[in-house]
Amino acid sequence: MRTLTFLAAALIGGAAWAQTPPWHDLGRDATPSEVKAWDIDVRPDFKGLPKGAGSVAMGERVWEAQCASCHGSFGESNEVFTPIVGGTTKADIERGRVKNLEPGSNFPQKTTMMKVATLSTLWDYINRAMPWNAPKSLTADEVYGVTAYILSLAEVVPPDFTLNDRNIAEVQKRMPNRNGMVFHEPLWKVDGKGDVKNVACMKDCPVETTIRSFLPDFARDAHGNIQEQNRVVGPVRGADTTKPPPTAPVGSAPPPSVVVAAAKLAAGDVKGLLAANSCTACHGMKQKIVGPAFSDIAAKHKGNPGLESYLAIKIREGGVGVFGSVPMPPQPQLSAAEAGTLARWIAAGAK
């Protein structure tokens, strides 16, 4: 009898142990067309580059409309963003190494064109990440044009040049820092031999770990609660940034459940609108980031009887000059009702 009881308990325990985690039954395999939509990377050998063409003149028009507000009309940037162009010379283009990056240089700023070695990197980043408030919204021809405009500012190509998928490899041969990248075989070749014996990193190791950077208190919740922005599947959980940071090592207790926002925002959902439109990338709740804090906007215009209407227009159409020289890009993707929701929230004190 004892043996039968033991076997029954073992079978029940084994079934519970073998139970599939609930998230394994979620979703489905991506279709080839869905994979293709995300498979947009462009390699240094330009594999993955779509067909297209864009002139410097066309790129300048796109730049002024969608890029200059953050990066300046000539890539010189403003007080927030690092310059894209500058620090390179015709001699750098000839030899493929930027003199201002060498030891002993006192050049004051490291620009994008000084550092980037592969033209594919520049094209790929613009394509997937720009403009800041609407990534992936540029067409392939517009990306070619914007890339050509940057190259013309750096005197890599002439002002009347048209960049396309057929001549981009030739332009790569004129990149100022094309020979400045350190080649590490395992990162570039699929069959590259890795440093499995740790020869490169197992000497002169520090005895104690020193924290060199941390998230300051004023920035902790500047972009909203990080815990609500992480996926609920997997071991990684974001910190609850609405609470003070822990003073002791975090234990192994299971993370709290995270409420995932619905795909369709409810009417009046201010936090959902802020998150969906990346508003907190530029505006903190109480701290200036790129633009002013929401609380500062409310305080500056306090008592204005037409404030809600004024703010709704500013949100959708953008503007510059009220809080300094950094422009607020337009947000045409917001409906009038959504802009009104945000305007009412800010006018009421942004709380």
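If Lys and Arg each add +1 and Asp and Glu each add -1, what is the summed charge of the other residues whose beta carbon sits under 9 Å from the beta carbon of Pro244? List each step's numbers first, then the result.
On the way: positive: Arg220, Lys243; negative: Asp217.
Around Pro244, the surrounding residues sum to +1.
Please give, to one decimal in nm, the separation of the simple spin-label points placed at Ala219 and Glu185, each 7 Å out from Cα toward the Cβ.
3.9
If Lys and Arg each add +1 and Asp and Glu each add -1, what is the summed charge of the other residues whose beta carbon sits under 14 Å from the beta carbon of Glu170?
Working: positive: Arg166, Lys173, Arg174, Arg178; negative: Asp45, Asp165.
Summing Lys/Arg as +1 and Asp/Glu as -1 gives +2.
Quick check for you: with a 1.4 Å probe and neighbouring chains kept, what is the accessible area per residue of region 91-186, in Å²?
Working: 4830 Å² over 96 residues.
So region 91-186 comes to 50 Å² accessible per residue, rounded to a whole number.
Can you compute the label reach from Lys302? Point 7 Å from Cα along the Cβ direction, backbone N cut-off under 17 Å, restricted to region 309-351.
Hits in region 309-351 for Lys302 at 17 Å: 345-351.
At a probe size of 1.4 Å, how large is the accessible area of Ile315, to the nearest 10 Å²?
Result for Ile315: roughly 20 Å² accessible.
Can you tell me the FRET efficiency between Arg128 and Ser278 if r is taken as the Cβ-Cβ distance and R0 is 22 Å, rounded to the nearest 0.05? Working shown, then result.
Details: r = 15 Å, r/R0 = 0.67.
For Arg128 and Ser278, the calculated efficiency is 0.90.
The values are calculated or read from the model by the stated rules, or taken from the named source; none is laboratory data. Keep in mind that this is a model prediction, so the values were computed, not measured. Glycine also receives a Cβ, built like all others from the backbone with ideal geometry; neighbour counts cover every protein chain displayed. These area figures cover heavy atoms from the full protein model, side chains too; ligands, DNA and RNA do not enter into them. Shrake-Rupley method; radii C 1.70, N 1.55, O 1.52, S 1.80 Å.
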